[in-house]
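Engineer: This is the structure I have questions about; it appears just below.
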Amino acid sequence: MSKTLLRYILPALMLGQAASAQQPPRMSTVILVRHAEKASAAPDALLSPAGQQRAECLAQVVKEAGIKRIYVSDAKRTQQTAEPAAKALGIKPVVVPAKDVNTLVRDVFYGTGGNALVVGHSDTVPLVIERAQAGKVPPIGENEYDGLYVLTVLEGGSTPALKLHYCAVSPPSAAPASMEPPAGKEKPAKKPPTKKK
């Protein structure tokens, strides 16, 4: 009886291995952003009106990216940033504490489930990219909210992070001062050159 069993099981096992060898490698895209503009410097600050506008814009940017998973930290501002995209895509974001970068990297880069959006912080986004072996990115500036990092994950490995900019809703910096005097003020009269003695 064991010979009969081996005769059926062995070919089935070999067929299963051949089928798994022919499956295309799993590939997904991960988009990482810092939360949008915050209302204050407080540790638990919520989004400012400009941040809410950026969150709406982010939803438009990622709507056709095939996002199947969204990850946010335990800070309300990351959740607010992801909320419009989550609502538009019908996805419930997964909350991973900001201090638990290892769990986030494991779930995002080594889990299954397709393309992902990760909304983190200025100090966690570069760390996640580094831990995913996607290179090192420069520190994110205090007032930098428009960076969008794209990585392609293939069988647990990742391509180098590609940085793009999205949704320029922050107020533009002040224009350079005009060479003309302010309106209503006259130019001072030129003094004639004095002769040197």
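Since every read-out is calculated from the coordinates, none of them should be taken as a lab result. Quick caveat: nothing in here was measured; it's all calculated off a predicted structure. FYI the Cβ positions are ideal-geometry reconstructions off the backbone, even for glycines, and counts take in every protein chain you see.
Engineer: Give me 165, 121, 35 sorted ascending by neighbouring Cβ count inside 10 Å, so fewest comes first.
Structural biologist: The order, fewest Cβ neighbours first, is 165, 121, 35.
Engineer: Another question, if that's okay. Using 22 Å as the Cα-Cα cut-off, could you pick out the over-long pairs in 136/163; 38/76; 76/136? Intermediate values should be presented prior to the final figure.
Structural biologist: Working: 136/163 11 Å; 38/76 10 Å; 76/136 27 Å.
Violating the 22 Å Cα-Cα cut-off are 76/136.
Engineer: Which ordering of 32, 164 is given by a fewest-first count of other beta-carbon atoms within 10 Å? Could the numbers behind the result be given before it?
Structural biologist: Details: 32 26, 164 12.
Neighbour counts put them in this order, fewest first: 164, 32.
Engineer: Quick one: order 131, 54 by neighbouring beta-carbon count within 10 Å, fewest to most.
Structural biologist: On the way: 131 15, 54 26.
Final ranking by Cβ density, sparse to dense: 131, 54.
Engineer: Something else: Which of the aspartates and glutamates could a cross-linker span from residue 92 if the Cα-Cα distance has to be under 16 Å and same-chain partners fewer than 8 positions apart are dropped?
Structural biologist: 74, 83, 107
Engineer: May I ask you to list the trypsin sites (Lys or Arg not before Pro) in segment 64-129 that are in a DSSP loop and have at most 14 other Cβ atoms within 10 Å of their Cβ? Write down the numbers at each step before the final one.
Structural biologist: Working: sites: 68, 69, 76, 77, 87, 99, 106; in loops: 99.
When the trypsin sites (Lys or Arg not before Pro) of segment 64-129 are filtered for loop state and at most 14 Cβ neighbours within 10 Å, 99 remain.
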